[in-house]
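The values are calculated or read from the model by the stated rules, or taken from the named source; none is laboratory data. Quantities reported herein were computed from a predicted structural model and do not represent experimental measurements. No Cβ is skipped: glycine too gets one built from the backbone with ideal geometry, and neighbour counts run over all protein chains shown. For accessibility, only protein heavy atoms count, side chains too; no ligands or nucleic acids. Shrake-Rupley method; radii C 1.70, N 1.55, O 1.52, S 1.80 Å.
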Amino acid sequence: MAEDRQVEVAKGVFFSAWTYNGTVPGPVIRATEDDLLRVTFANAGSHPHTIHFHGIHPSNMDGVFETVEPGASYTYEFPARPYGMQLYHCHSTPLKKHIAKGLYGAFIIDPPKLRKPAQELVMVLTGFDTDGDGENNFYGVNGPAFYFAKYPIRVRRSQTVRIYLANLTEFDPINSFHLHGDFFRYYPTGSSDYFEYTDTVMLCQGQRGIIEIDFANTGRFMFHAHQSEFTELGWMGFFEVID
Amino acid sequence: MAEDRQVEVAKGVFFSAWTYNGTVPGPVIRATEDDLLRVTFANAGSHPHTIHFHGIHPSNMDGVFETVEPGASYTYEFPARPYGMQLYHCHSTPLKKHIAKGLYGAFIIDPPKLRKPAQELVMVLTGFDTDGDGENNFYGVNGPAFYFAKYPIRVRRSQTVRIYLANLTEFDPINSFHLHGDFFRYYPTGSSDYFEYTDTVMLCQGQRGIIEIDFANTGRFMFHAHQSEFTELGWMGFFEVID
Amino acid sequence: MAEDRQVEVAKGVFFSAWTYNGTVPGPVIRATEDDLLRVTFANAGSHPHTIHFHGIHPSNMDGVFETVEPGASYTYEFPARPYGMQLYHCHSTPLKKHIAKGLYGAFIIDPPKLRKPAQELVMVLTGFDTDGDGENNFYGVNGPAFYFAKYPIRVRRSQTVRIYLANLTEFDPINSFHLHGDFFRYYPTGSSDYFEYTDTVMLCQGQRGIIEIDFANTGRFMFHAHQSEFTELGWMGFFEVID
């Protein structure tokens, strides 16, 4: 459901967002490949919206041609394909505004043969232009600036950490993910077996992938954008790795 | 042949371009690997120009040291290598201006063992700074803004669609290609067998690659940059997929 | 050792840098995988600094939590892992300033089974904001603008040229490396066997990789960013390939 909503994007700073189900990003949608996905979308917001899914689906399920007016609803229904880290966002025009306002979220499609068990996380990279000047004033992961700096993510060294990562930041040409003190396997888009072994990946808007970390050490490790400005405006956090 | 030319970059908007053979981008040059390529370049424009090819060739065929004055000509001759999606552009200084003015084009080198038959397209990503303020006012594929939105590209579902993609946009750090409703194989540079399976790729200026799409569905599917601003200023189009 | 130092960033232009050992970039640190690395860092500068290494190491060796005050020192000690092209930089806040001021360098970890012999080079991509307006006025490789244009790098055609490449440019979202007249193998991060065969690669800050060139021809070949502005402000040079 789309609804207009004030969301807290930094301590004490509220943003007049357009949301799916009241949060930015919206809810995680997850399916196994070839599952029939059915999403009923009710627009309770003040503007026409849609849901545009990345992935394979018929043209009339694409969230471009069938705009959903305020008060109306639409049901998206198609087999979830292909496996990987997909995403969804509003595709109403002006596109820039509908994304910047917060209408996006993660869409995970698991492969038929499930990935090995892991400590799983979703990280959607966000930016918030709170003063409407066409530049982001705050950056975050899954929402508010510095959230995971204040509340570090506790993970175990003994099991792989798997992150479903997507960049939905508007205005900036790229965003990135950098891990401190360790390396990870990065599967771009997550739809094939190829991975890069690194500690820094770059994504433009709409790009996404799957990160797998096997921590070598316990302790506190930072993760953040390797764009200093984004880091200083909120896109940073900590892993607390325990035995 | 280089010539100064007014080109239409959006409906009713003309741009004082510097062109190869009268168009922006210039003509597609295509050869098979190891073919002897011979290009005679006559400069009928008002400024010194060159042709700088991406690929392997001798230093004096590089279009850097041998500037071709207005009224002069030069013959570039070398074996076409390596196979892949290459490109060419003017390398006179100031480099920024000679590229922004439109002096670039696609250069395809086919592998000795030809790729499998496909519906082939070339897409050169362009930007036009019509008011000379150092920012692009219009974006397009192979030229005018919104061209393939007005004239969708008709393709058949039964055969692979192969796109030779290159980014020659000036001023912006990156550009990208996003396909709606389906996935593609992306061969960066097109000079090896590696591909990524995705629906969104990012390119800086000078980067290029080969896209192969096997459409699962018929219907109308959008393609565009995943930078909202570029999309809204003209870099978007449609595939019309028929059986 | 960190020290404040005037460094020449273009002919006759000096920049008030913060340096490791007096130069920007700092010294190359090189080890073989699993070697015990021990770096004693004395802060003789006027601000608190650290050394943050990319790679695998304990949390207290990460250069984030243990700030080294002016006059103090700290010893970083950990096994060098994983093999590849790593890098180091100061992680004091404001991060943007400590990187822009010049506190970074290359950190090469060789694999246990050494790479095949080659003509080896390190290239750290730099930018200098000499007027403090938050934009770079000069760009370079390993330091001053146009250095390798004035002093071309002489290499032999008969042996592979291997470049350890890293981007530490602040302010700009991306930087890139483009080679004229030939192709290279690019190993992103240099920590696995995967490579791309191309002539243009793009890196955000903190990204790095290993380039291997087998020149086909002798002669003079340019290399530079494929962002025209960076090229024109100093990020370009020449290889002089001899037999």
So, counting K/R as plus one and D/E as minus one, what does the shell of residues with Cβ under 11 Å around A:Glu196 add up to? -2
Checked against the positive end of the charge dipole of the protein assembly as shown (+1 on Cβ of Lys and Arg, -1 on Cβ of Asp and Glu, about the Cα centre), the farthest of C:Ala149, B:Ala10, C:Ile163 is C:Ile163
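Rounded to the nearest whole Å², what accessible area per residue is found for the range C:74-221 with the 1.4 Å probe? Walk me through the intermediate numbers first.
Numbers: 4680 Å² over 148 residues.
Averaged over the residues of the range C:74-221, the accessible area is 32 Å².
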B:Phe221: net charge of surrounding residues, Cβ under 9 Å, Lys/Arg +1, Asp/Glu -1, itself excluded? -2
Who wins for biggest fluctuation among B:Gly12, B:Gly105, B:Gly209 in a Gaussian network model of chain B, springs between alpha carbons below 10 Å? B:Gly12
Most mobile of A:Thr50, A:Thr200, A:Thr75 in a GNM of chain A (Cα contacts under 10 Å): A:Thr75
Alpha carbon Rg of the range A:1-62, scaled by the compact-globule rule 2.2 N^0.38 Å: 1.34
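Rounded to the nearest 500, what is chain B's calculated 222 nm mean residue ellipticity when only DSSP H runs of at least 4 contribute -39500 (n - 2.57) each, over all residues? Show your work: numbers first, answer last.
Details: 3 runs with 15 residues, N = 243.
Taking each H run of at least 4 residues, the total per residue is -1000 deg cm²/dmol.
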With the Cα gyration tensor of chain B giving a ≥ b ≥ c as the square roots of its eigenvalues, does the rule (a/c under 1.5 for rounded; else a/b larger than b/c for prolate; else oblate) give rounded, prolate or oblate? oblate
So for the range C:1-159, taking the charge dipole from beta-carbon charges (+1 Lys/Arg, -1 Asp/Glu), which of C:Phe65, C:Phe78, C:Gln119 sits furthest toward the positive end? C:Gln119
Take every Cα-Cα distance within the range C:88-165, group them into 10 Å bins from 0 onward, and report for each bin the whole-number percent of pairs it holds. 15, 37, 29, 16, 3
Volume per residue that the Cα convex hull of the range B:37-83 spans, once the total is divided by residue count, Å³: 65 Å³
Over all distinct alpha-carbon pairs, what is the Kirkwood Rh of the range B:59-98 in angstrom? 12.0 Å
Distance in nm between B:Gln119 and B:Lys150 label points, each 7 Å along Cα→Cβ, equals 2.2 nm
With +1 on each Lys and Arg Cβ and -1 on each Asp and Glu Cβ, and nothing else charged, work out how big the dipole of the range C:86-144 is about its Cα centre, in Debye to the nearest 20. 380 debye
Starting from the exponent 0.38 and prefactor 2.2 Å, build the expected Rg for the protein assembly as shown from its residue count and divide its actual Cα Rg by it. 0.94
Hull volume in cubic angstrom per residue (convex hull over the Cα atoms of the range A:46-130): 115 Å³
Report in % the part of the accessible area of the protein assembly as shown that belongs to carbon and sulfur, leaving out ligands and nucleic acids; probe 1.4 Å. 50 percent
Limiting things to C-alpha atoms, what are the Rg and the maximum Cα-Cα separation (Dmax) for the range B:9-150, in angstroms? 15.9, 46
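Suppose every K and R has +1 on its Cβ and every D and E has -1 on its Cβ; what is the size of the dipole of chain A about the Cα centre, in Debye to the nearest 20? Don't jump to the answer; show the numbers that get you there.
Numbers: 19 positive and 28 negative charges, 123 e Å.
Magnitude of the dipole: close to 600 debye.
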Taking the Cα centre as origin and putting +1 on Lys and Arg beta-carbons and -1 on Asp and Glu beta-carbons, what dipole magnitude results for the protein assembly as shown, to the nearest 20 debye? 1180 debye
With springs connecting C-alpha atoms under 10 Å apart, model chain C as a Gaussian network and identify which of C:Lys97, C:Lys113, C:Lys11 has the largest mean-square fluctuation. C:Lys113
The range A:52-120: GluC sites (Glu not before Pro) falling in loop per DSSP and having at most 16 other Cβ within 10 Å: A:Glu66
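For the range A:79-223, go through all pairs of different Cα atoms, get the mean of 1/r, take its inverse, and jot down that Kirkwood value in Å. Show your work: numbers first, answer last.
On the way: mean 1/r = 0.0620 Å⁻¹.
The Cα-based Kirkwood calculation yields 16.1 Å.
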Along the dipole axis of the range C:1-92 (charges at Cβ: +1 for Lys and Arg, -1 for Asp and Glu; origin at the Cα centre), the most positive-end residue among C:His52, C:Phe41, C:Asn21 is C:Asn21
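Would you mind counting up the charge near A:Arg30? Only other residues with Cβ under 11 Å from its Cβ, with Lys and Arg at +1 and Asp and Glu at -1.
Numbers: positive: none; negative: A:Asp35, A:Asp110, A:Glu120.
Taking every Cβ under 11 Å from that of A:Arg30, the sum is -3.
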